[in-house]
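First the structure, in the form of C-alpha cells, and then the observations on it.
The values are calculated or read from the model by the stated rules, or taken from the named source; none is laboratory data. Remember, it's a predicted structure, so these values are computed and weren't measured experimentally. Cβ placement follows ideal geometry from the backbone for every residue including glycine, while neighbour counts extend to all protein chains displayed.
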Ligand code: GUN
Ligand code: ZN
C-alpha cells in the first residue's frame, strides 16, 4: 500500500488518503479531549502539493474538486506520534541492566554508552539507527535529549533533515558529575559556548522561522545534579537572549525519590532549595533565593515530574511549562508513577515520552498503553481508567502543544501540515485479530472508543505501513 518515498527535492502532487481516520480536532483543554475525538470510519484526508491538509471528512462527502485525485488506501490513519522525551545517545542502551535505580543505572550503563558518541564514525552510525527507529515507530516529531559531543549532534540533525522528520534537540550539558561521566563533562564557559554554537548552526536551519522549522534547538542540562549554580545562571542569561528566537529548554524533574540517597534528595541537598523546580526557575540559591533568570516557559518541557509538590505543578501551569510523562521508563527504573489526576487538575500540559533508554519501548502508543496500566493501578481515588481519546491526545496533540507547535501539527485539522501514519492491520496478525474479531459493544459510539483503544494499545511497529511529515513519506537512512 505504501508508495516509494518522494525525495524532498521532488514536487508533491495532491493526494487522497482513504482509511478509518482518528484524531483530536481543534485545541481542547486536557480535561475536554473526549468531546473533540473525530472518528471517520471511511474517511478521507486530502493532502495538497504544499504538504498541508486541504480537507478531511467522510470519503462519501469528498469535494468534487478531488474526484480524480489519486487515492492511497489504508486500514487506519492517525496523526504522527510525538515523543516528548527521548535520549539519542542511549539509542543502544534500552534493556540495559543497571543494577539499581536511576543514579546506579546512570553510572553503570548510561555514562559509558554516551561516551561512545565522541567517535564520529560511531556517532554517524547511531544517528542513522536512531532515525530508522523513529520512522519504524511513527515518531514524526520529538524532543531529543542530545549527546554531549557536537560531532554526534551534527550527525543527528543531518540524518533528521535527510529523512524529513521533525526534531528539537540540544547537547546534553554536564559540568559536574561522577568519574563515570568524566568524558561527558566540560568547563562552564565551554558548555555555554557549545550550546550557543549549536543554536547558531542548527536552530530553524531549514526555514529560518521557528513557527515553521522542522529542525530546532534547545538548552538541555542533563539534570540539576550534572550542573552548578554558575551553569544554571549562565544558561538563564543565554535563554533570555535566545527565547525570542523560539529556542527550547529541556531537562529532567522529580524523577526518583528513593529515600535519603535518590535523585530528589540529592538535588535538594546540593542546592538547599525548597523545591527541585526552583533550580530551573532562577531560584537556585540556598532557601530558593533568586540567583538568575528562569528557564521555564511555553517552549520548556520537563521529563517525569513524578514526585512534584503542588507549588511546582502550579508554577509549571503558570509558566506554560509542559511535562513529558514517561511511564515505561518509570516502571523500568522503579521511579513511581506521576499522579495523573492531580497533575491534570493542576492544569499542566502532559505529553508522553519514551525516555529511551530507561524506557525500553520506542512506540509512543505503547507508552500510552503503559500510562493506561499505571494510572488504573494508582491507589484509591487517584486511580483512573484513561479514556481512549485521552491516550490519543497524549500521544499526538499534547506533544505538539509541549513543543509550542500546535499551530503546525498534532492533529489533522485543515490547514495544518500533513503529519500522519498509515496503519495496515494485516501487517501484524495479532492486531488484525484484535481489531477484526475482538469483542465490541452493541452501542456504536462505545464500539468506536473500544476500537480506538485496541488500535492504540494493540499497535506494534510492523503494522505502521508509512510515516508522513508535511505530506512526504519519511525516508529511512541506510544501515
Ligand atoms: N536523569 C538524569 N539523566 C537521566 C537519564 O539519562 N535518564 C533518565 N531517565 N533520567 C535522568
Ligand atoms: Zn530521560
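Across segment 70-94, the number of residues qualifying as outside any strand (DSSP E or B), near ligand 1 (Cβ under 10 Å from one of its atoms) and in contact with a strand residue (DSSP E or B) (Cβ under 6 Å, 6 or more places away or on another chain) comes to 1. The single condition among (1) touching a helix residue (DSSP H, G or I) at 6+ places or on another chain (Cβ under 8 Å); (2) at pLDDT 95 or above; (3) outside any strand (DSSP E or B); (4) more than 16 Å from ligand 2 (Cβ to nearest atom) that residue 255 does not satisfy is (4). Within segment 328-374, the set of residues being within 12 Å of ligand 1 (Cβ to nearest atom), in a helix (DSSP H, G or I) and closer than 15 Å to residue 305 by Cβ comprises 329, 330. Does residue 207 qualify as being modelled with pLDDT of 95 or more and within 16 Å of ligand 1 (Cβ to nearest atom)? Against the criterion (modelled with pLDDT of 95 or more and within 16 Å of ligand 1 (Cβ to nearest atom)), residue 207 does not qualify. One residue stands out in segment 18-44 among those that are assigned to a loop (DSSP other than H, G, I, E, B) and in contact with a strand residue (DSSP E or B) (Cβ under 7 Å, 6 or more places away or on another chain): the one that is farthest from residue 400 (Cα to Cα), namely 33.
Of all residues in segment 306-327, none satisfies the criterion of being free of Cβ contacts under 8 Å to residues at least 12 places away in the same chain and either within 16 Å of ligand 1 (Cβ to nearest atom) or within 18 Å of the chain's Cα centre (by Cα) (or both). Of the listed requirements (1) farther than 25 Å from residue 323 by Cα; (2) away from ligand 1 (no atom under 13 Å from the Cβ), residue 113 misses just one: (2).
Please go through segment 45-69 and pick out each residue that is assigned to a loop (DSSP other than H, G, I, E, B), within 26 Å of the chain's Cα centre (by Cα) and within 30 Å of residue 453 (Cα to Cα).
Result: 51, single match.
Residues of segment 193-247 that are over 16 Å from residue 403 (Cβ atoms), outside any helix (DSSP H, G or I) and more than 16 Å from ligand 2 (Cβ to nearest atom): 205, 208, 228.
Among the residues of segment 95-120, just one is part of a loop (DSSP other than H, G, I, E, B), over 14 Å from residue 329 (Cα atoms) and touching a helix residue (DSSP H, G or I) at 6+ places or on another chain (Cβ under 8 Å), namely 99. Criterion applied to 355, 370 was being farther than 19 Å from residue 32 by Cα and within 12 Å of ligand 2 (Cβ to nearest atom), and the one residue passing it is 355.
Summed over segment 191-203, residues that are surrounded by fewer than 20 Cβ atoms within 10 Å (Cβ to Cβ) and within 11 Å of residue 157 (Cα to Cα) total 1. Within segment 126-143, does at least one residue satisfy the condition of being farther than 26 Å from residue 104 by Cα, within 16 Å of ligand 1 (Cβ to nearest atom) and touching a helix residue (DSSP H, G or I) at 6+ places or on another chain (Cβ under 7 Å)? Yes, the conditions are met somewhere in segment 126-143. Consider segment 234-260 and keep the residues that are within 15 Å of ligand 1 (Cβ to nearest atom) and within 15 Å of residue 307 (Cβ to Cβ). The one that is surrounded by the fewest Cβ atoms within 10 Å (Cβ to Cβ) is 257. Among the residues that make up segment 278-291, is at least one of them in a loop (DSSP other than H, G, I, E, B) and within 15 Å of ligand 1 (Cβ to nearest atom)? For segment 278-291, residues in a loop (DSSP other than H, G, I, E, B) and within 15 Å of ligand 1 (Cβ to nearest atom): absent. Looking only at residues in segment 323-352 that are near ligand 2 (Cβ under 10 Å from one of its atoms) and farther than 24 Å from residue 298 by Cα, the one that is surrounded by the most Cβ atoms within 10 Å (Cβ to Cβ) is 329.
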